[in-house]
Amino acid sequence: MTSVDAEPSRYFSSSYKEGRAKFIEACQKHGFHASSHVHPSCKGPSGEDLSMDAVWVGPHDARRVLVFSCGTHGLEAAAGAATILRWLDTDGPGRLPEDMAALLVHAINPFGWAWSHRINEDGIDLNRNFPDRSKPSPSNPDYADIHALLLAASMDDEGLRAFAQGFHALAATNGMNAALTGITSGQFDFPDGLSFGGHALSWSGETLFAIARAHLGQAERILHVDWHTGIGEYGQAHFILDEPKTSETYRLLSDWWPDHDIHCDDVVDGVSIFYNGLLLDGLRTEIGKFNPARLVNLTIEWGTYDVEKMLQALAMDNWLMHRAGDADPAHVDAVRAELIERFYPRAADWRSNVIRLSDHICDQAVAGLQSWD
């Protein structure tokens, strides 16, 4: 097994282009074929294709399937991609039980990773893009006040502090639950706003559904781990389940990862938020249309910086997408560099922690899925 002290560049990449090349090379090295789903209209900064790549590992009739995915939030992909590379590099596929396979989905939002955004090419937060489209779009009346703060925010220290202070003022007036619901739960009325869920299923959503239909029709038990960054203690894994603590899924995950707290409606202490259009919820519904398999979805976040900095980072991402057109290019580059840092820290100790802790987490995922009856 490769030492966790190995040069971080072995697993971590400075760009989508580099990350994809490493993933394809690692798969080829181990004899696995990547199915590439190339975006029909978007390219990367150097004209490269933008692709969601899927790799199947193990028997095609496996009853149990472990799914690892990354890049739902674009630039957050780098850490999740590193954990997947690490799993391949340490012969994770060779340690799978006979009746288990793995599906690796690399860069759900390739545009976001390539162009250093969390959101996709249409300004959509892909983790809010999966509401029930047979019903009217969900309402989020708490968002309008957040949008006013967003439009007023300048991208310097003073402006970002003012944005955060405005958020805290709303929390003091309306309650923290309302303020966080406004900024994070998803909204469908402001296309140039935060947490925009889109008016239709995105290319990424359609492609992810196609990958699921192609590979998950035979499974009886599915464990899906979607890797993110930005929530939790610096350099530590933060587990989030989109089901209540009274659910059977919560009991399962608590048994499989006894050394980690499983967060449900307590991602922020004392606050309970309902999220609209979660990707894992949408994928669960889609898989249910063609397979009655039991499915467990888990989001694992690698913690970076404090909540206030991460709230500011959402405003930075939005400004870069929607309002940076006439700004000084040097200022744009500085904002982008700071955005990347907040979701993908450069520090060697942070990256080393991700690799070190992911080894055990992945082993526990396999053991949990194997024991699930």
Query - In nm, spacing of pseudo-spin labels at E233 and K309 (7 Å Cα→C-beta vector) - result: 1.7 nm
Report task. Round to the nearest 10 and report in Å² the accessible area of H331, as given by a 1.4 Å probe over the protein chains' heavy atoms. Result -> 70 Å²
Requested in this report: At a temperature of 37 °C and a viscosity of 0.692 mPa s, determine how fast the chain diffuses translationally according to Stokes-Einstein, using the Kirkwood radius over alpha-carbon pairs as Rh; express D in µm²/s, rounded to the nearest whole number.
Outcome: 157 µm²/s
Query raised in the report: Quick one: with all protein chains in place, what share of the accessible area of the range 247-328 is carbon or sulfur, to the nearest percent (1.4 Å probe)?
Result: 49 percent
Query raised in the report: Hey, with R₀ at 30 Å, roughly what FRET efficiency would A337 and H168 work out to, going by the Cβ-Cβ distance, to 0.05?
Result: 0.70
Query raised in the report: Do any trypsin sites (Lys or Arg not before Pro) in the range 251-337 lie in a loop, going by DSSP, with at most 11 other beta-carbon atoms within 10 Å of their beta carbon, and if so which?
Result: K289
Report task. Rank-order 341-349, 150-158 by packing density, defined as the average count of other C-beta atoms within 10 Å over each peptide's residues, highest first. Result -> 341-349, 150-158
Query raised in the report: Within the range 1-110, which GluC sites (Glu not before Pro) sit in a loop by DSSP and count at most 14 neighbouring Cβ atoms inside 10 Å?
Result: E98
Requested in this report: Express in Å², to the nearest 10, the accessible area of E338 obtained by rolling a 1.4 Å probe over the protein heavy atoms while all chains stay in place.
Outcome: 70 Å²
Query raised in the report: Based only on the alpha carbon positions, what is the Kirkwood hydrodynamic radius of the range 235-326, in angstrom?
Result: 15.7 Å
**Report entry** Accessible area in square angstrom per residue, the chain, 1.4 angstrom probe
**Finding:** 41 Å²
Report summary line: In the range 167-229 the accessible area split gives carbon plus sulfur, as whole percent at 1.4 Å, a share of 56 percent
Report summary line: From DSSP H assignment alone, runs of 4+ in the chain each adding -39500 (n - 2.57), the sum over residues rounded to the nearest 500 puts [θ] at 222 nm at -13500 deg cm²/dmol
Report task. Would you work out the charge dipole size for the chain about its Cα centre, treating the Cβ of every Lys and Arg as +1 and the Cβ of every Asp and Glu as -1, and quote it to the nearest 20 debye? Result -> 840 debye
Report summary line: 1/(1 + (r/R0)^6) with r = Cβ-Cβ of A148 and F274, R0 = 30 Å, i.e. FRET efficiency to nearest 0.05, evaluates to 0.85
Query raised in the report: So how far, in whole Å, is the C-alpha centre of the range 298-347 from the one of the range 171-209?
Result: 17 Å
Report task. Across the chain, how many lysine pairs, 8 or more positions apart or on different chains, have C-alpha atoms separated by under 26 Å? Please give the number. Result -> 5
Query raised in the report: Given A313, N276, H263, which one lies farthest toward the positive end of the charge dipole of the range 258-339, if we put +1 on the Cβ of every Lys and Arg and -1 on the Cβ of every Asp and Glu?
Result: N276
Report task. Please give the contour-minus-distance gain from D255 to E206: 0.36 nm per residue of separation, less the Cα-Cα distance, rounded to one decimal in nm. Result -> 14.3 nm
Report task. Determine the gain in length on full extension of the stretch E18-S134; use 0.36 nm per residue of separation and subtract their C-alpha separation, reporting nm with one decimal. Result -> 37.8 nm
Query - Contour minus Cα-Cα distance for D49 and S35 (0.36 nm per residue) - result: 3.7 nm
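The values are calculated or read from the model by the stated rules, or taken from the named source; none is laboratory data. These numbers come from a predicted model, not from an experiment. Note that each Cβ is placed from the backbone with ideal geometry, even for glycine, and that neighbours are counted across all protein chains shown. Heavy atoms of the whole protein, side chains included, go into the accessibility calculation; ligands, DNA and RNA do not. Shrake-Rupley method; radii C 1.70, N 1.55, O 1.52, S 1.80 Å.
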